[in-house]
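In what follows, a structure is listed as structure tokens, so that the remarks can point back to it.
Laboratory data are not the source of any read-out in this text; all were calculated from the coordinates shown. Quick caveat: nothing in here was measured; it's all calculated off a predicted structure. A quick note on method: Cβ atoms are made from the backbone with ideal geometry, for glycine too, and the neighbour counts reach across all protein chains shown.
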Amino acid sequence: MDESNGRIRRWEVATLSHAVSDPYGQGPLPWLRSSEGHFYDAGYALPSQRVDSGPYGPRTADDVGCQIKGFASEGVVAPGQALDFRVTVDPPQEFTIDVYRIGHFAGDGAQLLLRSPKLNGLRQSDPLLAGRTASCHHWWLSWRLQVPADWQPGAHVAVLTTADGAFRSHVPFAVRDDRPADLLLVLPDVTWQAYNLFPEDGRSGASLYHGWDATGRLLGEQDASVAVSFDRPYAGAGLPLHAGHAYDFIRWAEGYGYDLSYATARDLHAGRVDAARYRGLVFSGHDEYWSVPMRRAVEEAREIGTSLVFLAANSMYWQVGLGPLPSGDPDRLLHCRKRQGPGRAVLWREQGQPEQLLLGIQYAGRVPRPHPLVVRNADHWLWESTGVREGRELPGLVAGEADRYFPRTPLPDALDRVLLAHSPYEDENGVRRHQQTSLYQAPSGAWVFASGTFAWAPALARPGHIDRVIRRATANLLDRICKRD
């Protein structure tokens, strides 16, 4: 095995370390043929050992060779605005960019919107390092996309492919507008970046979870970075580790005809979200890292009657800060010292503001293997037309991580509060614990729902994980929020 392949093997260890907490990951990529087989069932991209493209199309670029990797200067853009792509290609050659929009599209899951001309590729310089923080903000501009004025808001993926057809990578971004809509989907780009270990090469990359020592050994949280840059590609296939939760919700919700608009967590942080324009804000996936302005914006949304829907677990766990790059570009560095340094860990609950005060429940721990979600209060309207009875077990729907109600932790003011699932499971040490699903109505009339499990959004649209009960229950919830008959 050559040096590059040896490093890839170490790189795989880091990718799979995150699969322990999120068994769903990136999910299916509809622009890839099913026969290409570069993604495990859990959704984690691992490079194959094939050198040429072979009969199955391009292989996924890796962070050792960086055969083709890129990022967009902004994670979100409005129709009519420009979006800059910065791409490295090694060895240098021409490449193309295909832009897809995620959606239902008659079951296809995505639609090709635009194909670039052939672009000149160059090998960009190595990431700049400041301590363990890696940034590629100095990369040269590769392509400027003028987003057509008629593009609909949504989650998009740019697929980068070398001209020889050997390698492919991805760049996610969103298109947003300010029109009123029933629901605003907030994409968790802050949490996505916290997990990003680019370059996952056994040398220089770091996330808020991991770094590397001089021998290429993966280090844990105590040796991780305390600041990460948004100006760099995502590790591996170029997609966030947890992106599949959002894509599952989008495919299902657009297929059901819900009126969606789109924003990112950084939009929430920067004050670009006017919650009064929406009946509900939806947080569809793993959304663990929140700044003070993000939380304040969501609390204010609840107080004016805008409902909140959290479809995963472990939301709003770490308190973070967002700062500028040395160039002055705002909100491009994510800071979180976690448990490093003196003083209390920067958990919201350690700062006197437990997440339960907003969510109604809060993070309890990891779920090492899937367990059934056990229905509680089956006569509640959320379970209407699902056919479930009290104690019905929904197989495999407590997975990844779980939330529960903490009796000694304050609860939010509520007109009505109900727990809709109470599900036993065993943690990594074999200790019996339980997961819960929560719903309450705030004094403003806003509903706040928290699923308390990573398995909820995949049950809406992920092949092999779809659950008709969860689909119906989610429709009941959103119909109530959107005031549909």
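Once phi is turned into ³J(HN,Hα) by the Karplus curve 6.51 cos²θ - 1.76 cosθ + 1.60 with θ = phi - 60°, what whole-Hz value does each residue of the range 140-153 show in order, with x for glycine and proline?
These are the phi-based 3J(HN,Hα) values: 5, 5, 9, 7, 10, 8, 8, 5, x, 5, 9, 5, 7, x Hz.
Take the alpha carbon gyration tensor of the range 168-219, find the square roots of its eigenvalues, order them as a ≥ b ≥ c, and report rounded if a/c is under 1.5; if not, report prolate when a/b exceeds b/c, else oblate.
The shape class here is prolate.
Place the peptides 388-397, 85-94, 186-195 in order of packing, highest mean first, counting for every residue the other Cβ atoms within 10 Å and averaging per peptide.
Numbers: 388-397: 15.5, 85-94: 19.1, 186-195: 26.3.
Ranking the peptides 388-397, 85-94, 186-195 by packing returns 186-195, 85-94, 388-397.
Taking the Cα centre of the chain as origin, sum charge times position over the Cβ atoms of Lys and Arg (+1) and Asp and Glu (-1), and report the length of that vector in debye to the nearest 20.
Values: 51 positive and 56 negative charges, 87 e Å.
With Lys and Arg at +1 and Asp and Glu at -1, about 420 debye.
Using the crude model of +1 on Lys and Arg Cβ and -1 on Asp and Glu Cβ, and no other charge, please compute the dipole size for the range 115-250 relative to its Cα centre, in debye to 20.
About 440 debye.
Contact order normalised by length for the range 332-485, with contacts defined as Cα pairs under 8 Å and 6 or more residues apart; what percent is it?
Relative contact order comes out at 23 percent.
What FRET efficiency comes out for the pair VAL418/ASN120, r = Cβ-Cβ distance, R0 = 60 Å, nearest 0.05? Mind dumping the intermediate values first?
Details: r = 59 Å, r/R0 = 0.98.
That gives a FRET efficiency of 0.55.
Determine the sum of side-chain charges near ARG432: Lys and Arg each +1, Asp and Glu each -1, restricted to other residues whose C-beta is under 13 angstrom from that of ARG432.
It works out to a net charge of -1.
When a/c reaches 1.5 or more, the comparison of a/b and b/c decides; with that in mind, is the range 112-236 rounded, prolate or oblate per its Cα gyration tensor?
oblate
Work through the residues other than VAL190 whose Cβ is under 10 Å from its Cβ and net out their charges, Lys, Arg +1 and Asp, Glu -1.
-3
Tell me the label-point distance for the pair HIS335, GLU221, using the 7 Å Cα-to-Cβ offset, in nm and rounded to one decimal.
The two pseudo-label positions are separated by 2.1 nm.
Considering amide H positions built from the backbone, and no H for Pro or chain starts, which residues 5 or more places from VAL77, or on another chain, come under 5 Å of its amide H?
Amide H neighbours of VAL77, under 5 Å, 5+ apart: ALA174, VAL175, ARG176.
Under the classification rounded if a/c is under 1.5, otherwise prolate if a/b is larger than b/c and oblate if not, where does the range 54-116 fall, given a ≥ b ≥ c as square roots of the Cα gyration tensor eigenvalues?
oblate
On a straight-distance basis, which lysines could pair with LYS69 in a cross-link, Cα separation under 19 angstrom, same-chain partners fewer than 8 positions away excluded?
Result set, ordered by chain and number: LYS118.
Could you tell me the calculated FRET efficiency between SER385 and VAL431, based on Cβ-Cβ distance and R0 = 35 angstrom, to the nearest 0.05?
With a Förster radius of 35 Å, E is 0.45.
Given R₀ = 25 Å, what would the calculated FRET efficiency be for GLN111 paired with ASP177, taking r from the Cβ atoms and rounding to 0.05?
Working from the Cβ atoms, E equals 0.85.
Enumerate the amide H contacts of LEU185 below 5 Å, restricted to partners 5 or more residues apart or on another chain; note that Pro and chain-start residues carry no placed amide H.
Excluding prolines and chain starts, which carry no amide H, the hits are SER261, TYR262, ALA263, VAL282.
Of GLY154, TYR256, ASN476, which is farthest along the charge dipole of the chain in the positive direction, counting Lys and Arg as +1 and Asp and Glu as -1 at C-beta?
ASN476
Between the range 147-188 and the range 241-271, what is the C-alpha centre distance in whole Å?
11
Which of the peptides 258-267, 127-136 is most tightly packed, and how do the rest follow, going by the mean number of other Cβ atoms within 10 Å of each residue? Walk me through the intermediate numbers first.
Details: 258-267: 22.1, 127-136: 17.8.
The packing order, highest mean first, is 258-267, 127-136.
Taking the alpha-carbon centroid of each part, what is the distance from the range 324-395 to the range 96-141 in angstrom?
Spelled out, the Cα-based centre of one part sits 30 Å from the other.
Taking amide H atoms as placed 1.01 Å from N in the peptide plane, list the residues 5 or more away in sequence, or in a different chain, whose amide H sits under 5 Å from that of ALA421.
Close amide H contacts, sequence-distant or interchain: ARG376, THR437.
In the neighborhood of SER169, defined by Cβ-to-Cβ distances under 12 Å, what is the net charge if each Lys or Arg adds +1 and each Asp or Glu adds -1?
-1
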